[in-house]
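A short write-up of the structure that comes next.
Nothing in this text is a laboratory measurement; each read-out follows from the coordinates by a stated rule. Not measured: the values here are computed from a predicted model. We place every Cβ from the backbone using ideal geometry, glycine too, and count neighbours over all the protein chains shown.
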Amino acid sequence: MHGPATSGWLLVVLCAVTGAYCLVWMPRCSGTARAATGGEALMGFGMAAMAVPAAVFTPPPWHWVVYAAVFGAAALRATWPVRDCGRHAHHLVGCLAMVYMAAAMASGGGHGTHAGGGVPLLTGALFLYFTVYVLRSGTRLLSLAPSGGGTVPVPVSPVPRTAGPSLVPACRVSMAIAMLAMLLTL
């Protein structure tokens, strides 16, 4: 994406750490939670790669096609859980946003240029979606935080965790914030 190198590196670190966290937790999950965590890891690493500043690495012109293909396939994969239960709609929107950004960057001159860009109405709609998602999900996360410096009691269960790591909602919020930053530079 274009923009200052410092913000690009911050996005790379945020997305790569989020992707790595999800990848580490993926074996501890099962079923749909495992697939969702794997999808979040893919999104994190893909966003990290897309955010590398152009001054450091100028990829070949065809690399946007690879991004679009990978995230297009991830979007197709995300449609099955959406069809079944609708819980993974956010992941589907995120994958489609990545395809859109890759297509906009391919048509706009690529990495590090300000030519072209996306369709303003679609960019604005995605920006609005991710803003609402961050505010709504961030508010939920804040409501779970302990008040008065205490700790949140964690129930002890002999059953292994299958819903995924407790930080996955925070990872999704951080990825949505990174998506907002990437959409701003489009």
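Just want to confirm a number: the relative contact order over the range 1-52, from Cα pairs under 8 angstrom separated by 6+ residues, in percent.
51
Could you work out the Rg to Rh ratio of the range 3-101, with Rh taken as the Kirkwood radius (inverse of the mean 1/r over all Cα pairs)?
1.01
Karplus couplings for the range 171-177 from phi (6.51 cos²θ - 1.76 cosθ + 1.60, θ = phi - 60°), rounded to Hz, Gly and Pro as x?
Residue by residue, the range 171-177 yields 5, 5, 5, 5, 5, 5, 5 Hz.
Kindly write out, for the range 42-56 in residue order, the coupling ³J(HN,Hα) from the Karplus curve 6.51 cos²θ - 1.76 cosθ + 1.60 (θ = phi - 60°), rounded to whole Hz, with x marking Gly and Pro.
Those phi angles translate into 4, 4, x, 5, x, 5, 4, 5, 6, 8, 4, x, 5, 5, 8 Hz.
For H91, H63, what ranking results if the residue with the fewest other Cβ atoms within 10 Å of its Cβ goes first?
Ranked by crowding around the Cβ, least crowded first: H63, H91.
Test of understanding: express the Cα radius of gyration of the range 1-55 as a ratio to 2.2 N^0.38 Å, with N the residue count.
For the range 1-55, the normalised Cα radius of gyration comes out at 1.26.
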